Amino acid sequence: MSKELPKRSELSQKYKWNLKDIYKNDEHWEKEFTALQQDIKNTAEIKTNLISDAKSLLNGLEKIFNIEKRISRLYTYAHMKYDQNTKKEKYQNYNNRAMMLYNQFSNFVSFLVPKILELGEKKLNSYQTEEKDLNLYQHFFDNILRQKDHYLSENEEKIIALAGDLTQSPENIFSMLNNADLEFPILKDKNGEEKRLTHGRYIDFLKTQERTVRKNAFKAMHQEYEKLENTFAAVLNSSVKSDIFYAKARKYNDSLTASLDNDNIDVKVYNNLLKTVEKNLDPLHEYMELKKEILNLDELHIYDTYTPLISSVNLQYKYEEAKEVFKKSISPLGENYLNIVEKGLNSSWIDVYENEGKKSGAYSGGCYGIHPYILLNYTEDISNLFTLAHEMGHAVHTYYSNKNQPYIYSNYKIFVAEVASTLNENLLVDYLLDNANKKEEKLYLLNHFLEGYRGTVYRQTMFAEFEKTIHEMVEASEPLTVQSLKNLYKNLNTKYFGKLLTTDKELEVEWARIPHFYYNFYVYKYATGYSAAAALAEKISKESNKAAEKYINFLKAGGSDYPLNILKKAGVDMTVPDPIKKSVNRFEHYLKMLKDLI
């Protein structure tokens, strides 16, 4: 393997997504961009008569959401072209233009919510009686009326919309630093071969049994962030201030409440997660002690925690093998689900391999009316098999939602999105364990599950506490300095992973490389989503077809109701700590299995 990443042109087309399904070429994108610019200007005409009668309201809503749908398609093409190679200036430009167009649109239609509030609930009801097609917008209306105290006057809403370009800047700056500007050194891998350290290869370096290799990778990665730590601190501080700006502007007590209210989620759901996990850290500490003992380490460092306990087995999957294993694991979800997956795996939905300049990590995305897409940075490590399962869970969720919901309700909330992805991971680990022939394989898989849980529930909850704390610090007029961020991050690592963990100075700057801290209280949804998914996976294994059918209906629901309600219909209540505690019990169960086998 080359020490450098391949250029995109060097990769086979069969492993690249086909963005021509969105637009045939860049010229079509440019043509649509120009058309949308004019159509957005024309939305000013809608304002005059929007609430004058039922028909005008219906026509106005249809025009506005049709334009929004088209902008979404425009932005999807732009950002995915950009993500293919973040160094390409042309698509940096496309991405920025698409975002500016969306902000312009938001500015032009900032009258919409104030007008609906002006109309009022009683008049809205009479309009819906008169014009039956308005009933489609019932949940949309309910959600606006629910938050009426937090919407502003028309002119104030216009100012809020105008701020969009500025408040998106921190995330954009972080992305450019992280994906385009930072370059990591060439290191020697476990075989003594030279390879460029990249975001995609980092975990592979950390999983090696050669401690010097993983230590060097850990230090090399974080030393690059350390060089720019003041810049990253300033960018993160700006992002937090943006969140607080919106919270204050909309008359919320704090930024956490403001963020959760978008999904109609009570703050107690967030706090339940932090409290329940904090009360159940002993199993994680027990697992860390086991790692130190089995790996025969004098000290346990964070770069040791990714190393498999079982060195005699190294489960790896070529991409084509991974596809087949994944398909077998999801059979409990039924033939229709499997057919959608088959289509996605073989119809250029997926951009598989890492290339020079490609966006790091993995995601599933897309736009209404076009099939979903998946970005991977696939290597043959087993973690990438689970990433494929995770992202395909998102993709099938999107597929079902788009097929069964109108555009206005097709965009499900992130709170439920992580259920669809992590349920697939639960099914996959159970399948692999059931079909493991050797004791060593079972040990390896149990270890992999425990690592996944550590990363998805314990680690993301730690991130959630970090995010909550940094927002509270800025809200209390305490600046986010490099040192305050380092101290907080160090203390949280000690709290979550135990005093057994030796904290390297490089670990203290790890916060600088986490993109999710720019997503306004996003990370807690991984932990709650995983907990809900574990509960649903258990139901599917026990109740079979009936539970699977409920789950498919959950996927079809999209954003047609509040996320907590949609989950309750599927059989999980996230307003109480029980699902989180049950997921911890699952961790303890697999930890006991591991110990018994050892």
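Annotations
- Karplus 3J(HN,Hα) series, Hz, for the range 544-557 with 6.51 cos²θ - 1.76 cosθ + 1.60 (x for Gly, Pro): 6, 4, 4, 5, 5, 5, 4, 5, 4, 5, 4, 5, 6, 5
- With neighbours defined as other Cβ atoms within 10 Å of a residue's Cβ, the residues D381, D149 order from fewest to most as D149, D381.
- Treating r as the C-beta distance of E472 and K499 and R0 as 25 Å, the FRET efficiency rounds to 0.50.
- Relative exposure of I244, I350, judged by other C-beta atoms within 10 Å (fewest first): I244, I350
- Degrees between helix 482-497 axis and first principal axis of the chain (Cα, 0 to 90, nearest 10): 60 degrees
- Look at the alpha carbon pairs under 8 Å that are at least 6 residues apart: their mean separation over the length of the range 347-431 gives a relative contact order of 26 percent.
- √(5λ) per eigenvalue of the Cα gyration tensor, the range 8-167, largest first, Å: 36, 17, 14
- Taken about its Cα centre, the chain carries a charge dipole of roughly 540 debye when the Cβ of each Lys and Arg holds +1 and the Cβ of each Asp and Glu holds -1.
- Other-chain or far-sequence residues with amide H under 5 Å of Q405's (modelled H): none
- Mean separation of Cα contacts under 8 Å (6+ apart) over length of the range 8-167, as relative contact order %: 26 percent
- About its Cα centre, the dipole of the range 8-167 is roughly 680 debye, where the only charges are +1 on Lys and Arg Cβ and -1 on Asp and Glu Cβ.
- Length-normalised contact order for the chain - Cα pairs under 8 Å, 6+ apart - percent: 18 percent
- Cross-link partners for K55 among the lysines, with Cα-Cα distance under 20 Å and sequence neighbours closer than 8 places in the same chain left out: K47, K63, K115, K122, K123, K132.
- With the charge dipole of the chain set up from +1 on Lys and Arg Cβ and -1 on Asp and Glu Cβ about the Cα centre, the Cα lying farthest toward the positive end among the listed residues T34, L555, F521 is that of L555.
- Each peptide in 383-394, 93-104 was scored by the mean count of other Cβ atoms within 10 Å over its residues; highest first, the order is 383-394, 93-104.
- Expected 222 nm ellipticity per residue - DSSP helices of 4 or more, -39500 (n - 2.57), all of the chain, to 500: -20500 deg cm²/dmol
- From the coordinates shown, Cα extents along the principal axes in Å corresponds to which of (1) 83, 58, 48; (2) 92, 74, 44; (3) 75, 53, 51: (3)
- Cα-based helix-to-principal-axis angle, 459-475 vs the chain, degrees rounded to 10: 50 degrees
- Longest to shortest principal axis, alpha-carbon extents of the range 240-339, angstrom: 58, 50, 25
- Our coupling estimate for the range 509-518, obtained by passing each phi through the Karplus curve with A = 6.51, B = -1.76, C = 1.60 and θ = phi - 60°, is 9, 4, 3, 5, 9, 9, x, 5, 5, 9 Hz, Gly and Pro reported as x.
- Proxy reagent accessibility, fewest Cβ within 10 Å first, across M288, M80, M176: M176, M288, M80
- FRET efficiency for H139 and K592, using Cβ-Cβ distance with R0 set to 45 Å, rounded to 0.05: 0.50
- Helix 26-42 and the longest principal axis of the Cα set of the chain meet at an angle near 40°.
- Whole-Å semi-axes of the range 361-462's equivalent ellipsoid (Cα gyration tensor): 29, 14, 12
- Taking 16 Å as the straight-line reach from the Cα of K582, the aspartates and glutamates in range (excluding those fewer than 8 positions away in the same chain) are E278, D282, E538, D573.
- Three-way shape label, the range 196-279, alpha-carbon gyration tensor, a/c 1.5: oblate
- Among beta bridges from DSSP that stay inside the chain, the antiparallel ones total about 65%.
- Near Y373, the amide H atoms lying under 5 Å from its own belong to G365, G366; only residues 5 or more places off or on other chains count, and H is placed 1.01 Å from N.
FYI, it's all coordinate maths here, none of it is from the lab. All figures in this text were calculated on a predicted structure; none of them were measured in a lab. For neighbour counting, all protein chains shown are included, and Cβ atoms are generated from backbone atoms with ideal geometry for every residue, glycine included.
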